[in-house]
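The values are calculated or read from the model by the stated rules, or taken from the named source; none is laboratory data. Keep in mind the model is a prediction, meaning the values are calculated, not measured. Every residue, glycine among them, receives a Cβ derived from its backbone with ideal geometry; neighbour counts consider all protein chains shown.
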Amino acid sequence: MPDREMTGNLFFFAGSDTTATAAQKKSAPAQIIERVAAGDQEAFGELYKMFAPMVHGIVLARVRRDEVDDIVQEVFLSAYKNLDTLRDKSAVGGWLAMIARNRTAEFYRHARPTEELSEDLREKENRKTEAREILKAIHALPEAYRETLVLRLVEGMTGPEIAGRTNLTPESVRVNLHRGMKLLREKLGITE
């Protein structure tokens, strides 16, 4: 075989290898999004399992506990309906985080009046005050710290998981967690 033909074949195979590598490098969320777009309903369940803790944490950082589940469901319904608007399939985490933040803001725009609890119900609720007080203290922190603290402390996500799912840099997450924990300890009166 002449050198020229051999060189041409090498370039041909090299080109196919690079496209295969690009397909292999596609992120798992992007592959799941493509499956959902193709009508695979089980893929949406996988997407939910992958991102539900993050969405739950973002919503919990902003609203009362008893409203969280409904808003999380609204976030995923909205995502399912608007999947065709997602430009970068690998940025699904940031997109879902944005939807969650927007839904919580929308919740407060349309908030319903609340009723006062009776004395009997107050006594039962007082048994769970520690967790509620901590969550209340977290809600009093700046927004950047609230979100990362809830994702870490309530949802149990690691710093790298938070960064990967919310499209924040690992350094930003680390700084937000460090500063947020410091402020939280101060609010709760905890000294080291």
Within the bounds of segment 161-174, is there any residue that is surrounded by fewer than 21 Cβ atoms within 10 Å (Cβ to Cβ), under 13 Å from the mean Cα position of the chain (by Cα), modelled with pLDDT of 90 or more and not hydrophobic (A, V, I, L, M, F, W, C)?
yes
Taking segment 134-170 and keeping only residues that are closer than 11 Å to Ile58 by Cβ and assigned to a helix (DSSP H, G or I), one is left with Glu143, Arg146, Glu147, Thr148, Val150, Leu151, Ile162, Arg165, Thr166
Which of the residues belonging to segment 53-69 are touching a residue at least 40 places away in the same chain (Cβ under 8 Å) and either under 10 Å from Arg101 (Cβ atoms) or in contact with a helix residue (DSSP H, G or I) (Cβ under 6 Å, 6 or more places away or on another chain) (or both)?
Met54, Val55, His56, Gly57, Ile58, Val59, Leu60, Ala61, Arg62, Val63
Quick one: in segment 24-48, of everything that is of a type outside the set (D, E, K, R) and over 16 Å from Ala91 (Cα atoms), which residue is modelled with the lowest pLDDT?
Gln24
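A quick yes/no check of all residues on (1) aliphatic (A, V, I, L, M); (2) surrounded by fewer than 13 Cβ atoms within 10 Å (Cβ to Cβ); (3) over 24 Å from Phe107 (Cα atoms):
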{"site": "Val36", "(1), (2), (3)": "yes, no, yes"}
{"site": "Ala43", "(1), (2), (3)": "yes, no, yes"}
{"site": "Glu46", "(1), (2), (3)": "no, no, yes"}
{"site": "Lys49", "(1), (2), (3)": "no, yes, no"}
{"site": "Pro53", "(1), (2), (3)": "no, no, no"}
{"site": "Ile58", "(1), (2), (3)": "yes, no, no"}
{"site": "Val63", "(1), (2), (3)": "yes, no, no"}
{"site": "Asp66", "(1), (2), (3)": "no, yes, no"}
{"site": "Ile71", "(1), (2), (3)": "yes, no, no"}
